[in-house]
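Scroll down for the structure; my scribbles are underneath it.
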Amino acid sequence: MAIKKKEFSLDAIKDKYSTKTKYKETEFYEVGEAFHNSCGLPGPALGNINMFLGHSNSSKTTALVKAAVSAQQKGHLPVFVITEKKWSWEHAVELGLEAKMVDGEWDGQFLFNDDFDYIEQATDYINELLDEQEKGNIPYSLCFLWDSVGSIPCKMTFDGKGGGMHNAKVFADKIGMGIHARITKSKKEDYPYYNTLIVVNQPWVELPDNPFGQPQIKSKGGEAIWLASALVFLFGNQKNAGINHITATKNGRTVSYAIRTKISVLKNHINGLGYKDGKIIATPQGYIVDTKEALEDYKKQYSQYWNAILSGTGEIAFGEESEEPTINTFDE
């Protein structure tokens, strides 16, 4: 059957078959100037899923809290989804989070929930809050901060009937196919709020299959969150944390008051940019640039603080030591 040619208008076809969705300008939660200088991006991107990936003690939680501080400053509502059970309010306040004790409980412009046993409870909690926002009951942009997704099993694994593949399947269904769509639709210009998910994730290391290959870091819980993430920030090295402890010693007593670590952009689906070789110093108060001058200024600023901790007479000696943790070569 021959196709009859007709007069047509390309504009008319576009009107019928092309979408004209408008999106908001890209914005970021700002983790700090030193963080920006280190990796080339201010922090997590609003309206997206973002991952902080790295080995233990590489300052991922510091970045998470600083993002929450930025959310408060923007008038957004931070929502802490804590599954690792290592949360410290004192540390969060030291990093700038607006929170205070009220009747024995920490209170402020945030929501906090650490009552989760398995993945489905955490994802249901996120979806419930998004439902309430859509009903008009939560008039805020929501910044979900999950620490950490690699520390909690799915319901089947929790009940002793599943394992890693079941955890990965739940993440794929609940986040890859569900929450991801709900988060990213907030980028539309006509959506009244921004919703963002920032996850801290623990890694495992895939060893090379030949003597000349390099180990490759992988996120726990399968590939679903990695694939759904617009930005993945790598803290430390691929095969280990690769950090240096910066120490103060007085009268034979030593405290580690900062770490030198690497922060790079492992995946960027926002603008394709990001440094691969950035170094930074993480302190209890946040990040400072990795320069001798910045470290000396920090020492002077907090000298009385360290003198109080390292009591007694005598001079404080500052030092540095490396840490090389064991490589986890399997996905738990």
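For the structure I just gave you, tell me whether I281 is in contact with a helix residue (DSSP H, G or I) (Cβ under 7 Å, 6 or more places away or on another chain), assigned to a strand (DSSP E or B) and among the aliphatic types (A, V, I, L, M). Spelling it out, I281 is indeed in contact with a helix residue (DSSP H, G or I) (Cβ under 7 Å, 6 or more places away or on another chain), assigned to a strand (DSSP E or B) and among the aliphatic types (A, V, I, L, M).
Here P192, P215, P211 are screened, and the one residue that is more than 23 Å from E25 (Cα to Cα), surrounded by fewer than 21 Cβ atoms within 10 Å (Cβ to Cβ) and either among the aromatic types (F, W, Y) or out of contact with any Lys or Arg (no Cβ under 9 Å at 6 or more places or on another chain) (or both) is P211. Regarding the stretch 292-307, can at least one residue be identified that is loosely packed, with under 14 Cβ neighbours inside 10 Å, at pLDDT 85 or above and not in a helix (DSSP H, G or I)? No: zero hits. Taken across the stretch 177-197, residues that are over 30 Å from N137 (Cβ atoms), part of a loop (DSSP other than H, G, I, E, B) and aromatic (F, W, Y) do not occur at all.
Of the set (1) of a type outside the set (A, V, I, L, M, F, W, C); (2) surrounded by fewer than 21 Cβ atoms within 10 Å (Cβ to Cβ); (3) assigned to a loop (DSSP other than H, G, I, E, B), all apply to N37 but (3). Restricting the stretch 89-108 to residues that are in contact (Cβ under 8 Å) with a residue 60 or more places away in the chain and touching a helix residue (DSSP H, G or I) at 6+ places or on another chain (Cβ under 7 Å), the residue that is surrounded by the most Cβ atoms within 10 Å (Cβ to Cβ) is L95. Within the stretch 262-278, the set of residues being touching a Lys or Arg at 6+ places or on another chain (Cβ under 8 Å) and charged (D, E, K, R) comprises K262, D277.
Yes or no, residue by residue, for (1) surrounded by fewer than 14 Cβ atoms within 10 Å (Cβ to Cβ); (2) among the aromatic types (F, W, Y); (3) modelled with pLDDT under 95; (4) not in a loop (DSSP other than H, G, I, E, B):
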{"site": "Y125", "(1), (2), (3), (4)": "no, yes, no, yes"}
{"site": "E128", "(1), (2), (3), (4)": "yes, no, no, yes"}
{"site": "G150", "(1), (2), (3), (4)": "no, no, yes, yes"}
{"site": "P153", "(1), (2), (3), (4)": "no, no, yes, no"}
{"site": "K161", "(1), (2), (3), (4)": "yes, no, yes, no"}
{"site": "H166", "(1), (2), (3), (4)": "no, no, yes, yes"}
{"site": "A172", "(1), (2), (3), (4)": "no, no, yes, yes"}
{"site": "I175", "(1), (2), (3), (4)": "no, no, yes, yes"}
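Here is the figure for the stretch 1-34: residues that are part of a helix (DSSP H, G or I) and either touching a His at 6+ places or on another chain (Cβ under 8 Å) or basic (K, R) (or both) total 2. All conditions but one from (1) crowded, with 16+ Cβ neighbours inside 10 Å; (2) over 30 Å from G221 (Cα atoms) apply to S59; the one that does not is (2).
Within the stretch 221-248, being under 13 Å from K279 (Cα atoms) and of a type in the set (F, W, Y) holds for F233, F235. If you check A282, A228 for being at pLDDT 90 or above and under 30 Å from N167 (Cα atoms), only one passes: A228.
Residue check: E84 meets all listed conditions (1) surrounded by fewer than 18 Cβ atoms within 10 Å (Cβ to Cβ); (2) at pLDDT 95 or above; (3) touching a strand residue (DSSP E or B) at 6+ places or on another chain (Cβ under 7 Å) but one, namely (2).
In the stretch 111-129, the residues that are over 18 Å from A181 (Cβ atoms) form Cβ pairs under 7 Å with partners that are of a type in the set (K, R) and open to solvent by 60 Å² or more (accessible area, probe 1.4 Å), at six or more places apart or across chains, as follows: D114/K85; Y118/K155.
The values are calculated or read from the model by the stated rules, or taken from the named source; none is laboratory data. A quick note: this is a predicted structure, and the numbers were derived from the prediction, not measured. Cβ atoms come from the backbone with ideal geometry, glycine included; neighbour counts cover every protein chain shown. The protein model used for the area step is the full one, side chains on, heavy atoms only, and it has no ligands, DNA or RNA in it. Shrake-Rupley method; radii C 1.70, N 1.55, O 1.52, S 1.80 Å.
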